[in-house]
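Rule-based calculations on the coordinates, nothing more; no lab input. Since the structure is predicted, the reported quantities are computational estimates derived from the model, not experimental observations. Don't worry about glycine lacking a Cβ; one is built from the backbone with ideal geometry, like all the others, and counts go over all protein chains shown.
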Amino acid sequence: MDNCVFCKIIAREIPAEVLCEDSDTLVFLDIKGVNPGHVLVIPKEHYPDFLSTPVELLCRVISTAKTVIPAVLAATGTTAFNVGVNNGHDAGQVVGHMHLHLMPRRLGDGLELWHGKPYPEGEMKKTADAIRAKLPN
Ligand code: AMP
């Protein structure tokens, strides 16, 4: 897709530290990772986000991620990692080409996860009921 930075990486039109690829997926270093070894796994076919990507292709992305993670951990001397997907602008998605973040983690590396907040009285069940009502049968 024109003007997609990740499609340009796939086409080798712009440089990237590509780690590996297969027919469906490509893996490269995030240019501004949260830790060294922060990797992005992308489908080669352009889909704007997680939700629009066919489930079979998401499975290929996950499969590639599982292959790459041990190498990332071994190379960075880490044993823990986060997997993340930002879907949509409000969730922090900046690049509109589906991608999975693999982030090696160290104790005390300063990366903060979300801070949970409890539901006000009665709201948890209300929320669950609203979601259950929208689920496909
Ligand atoms: P997101 O906020 O989930 O859309 O994350 C997009 C990620 O892509 C960010 O972590 C960026 O640092 C990374 N990124 C953007 N442009 C490039 C690039 N040319 N090469 C490698 N990573 C990139």
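Residue by residue through segment 53-97, note down the ones that are within 21 Å of Leu113 (Cα to Cα), touching a helix residue (DSSP H, G or I) at 6+ places or on another chain (Cβ under 9 Å) and in a loop (DSSP other than H, G, I, E, B).
Within segment 53-97, Thr78, Thr79, Val85, Val95 meet the criteria.
Does Pro104 meet the test of being in a helix (DSSP H, G or I) and within 19 Å of Glu17 (Cβ to Cβ)?
no
So which residues in segment 18-46 are without any contact (Cβ under 8 Å) to a residue 24 or more places away in the chain, out of contact with any helix residue (DSSP H, G or I) (no Cβ under 8 Å at 6 or more places or on another chain) and within 8 Å of the ligand (Cβ to nearest atom), if there are any at all?
Listed by number, the residues that qualify are Leu29, Ile31, Lys32.
Quick check on my filter: what residues within segment 97-137 are within 30 Å of Met1 (Cβ to Cβ) and out of contact with any Phe, Trp or Tyr (no Cβ under 9 Å at 6 or more places or on another chain)?
If the condition is that a residue be within 30 Å of Met1 (Cβ to Cβ) and out of contact with any Phe, Trp or Tyr (no Cβ under 9 Å at 6 or more places or on another chain), then His101, Pro136 are the ones that fit.
Applying the selection to segment 98-134, what residues are in contact with a helix residue (DSSP H, G or I) (Cβ under 9 Å, 6 or more places away or on another chain) and loosely packed, with under 10 Cβ neighbours inside 10 Å?
Correct list: Pro118 only.
Within the bounds of segment 62-81, is there any residue that is over 27 Å from Leu111 (Cβ atoms) and surrounded by 12 or more Cβ atoms within 10 Å (Cβ to Cβ)?
no
Is it the case, given these coordinates, that Ile10 is free of Cβ contacts under 8 Å to residues at least 60 places away in the same chain, touching a His at 6+ places or on another chain (Cβ under 7 Å) and either crowded, with 17+ Cβ neighbours inside 10 Å or aliphatic (A, V, I, L, M) (or both)?
Against the criterion (free of Cβ contacts under 8 Å to residues at least 60 places away in the same chain, touching a His at 6+ places or on another chain (Cβ under 7 Å) and either crowded, with 17+ Cβ neighbours inside 10 Å or aliphatic (A, V, I, L, M) (or both)), Ile10 does not qualify.
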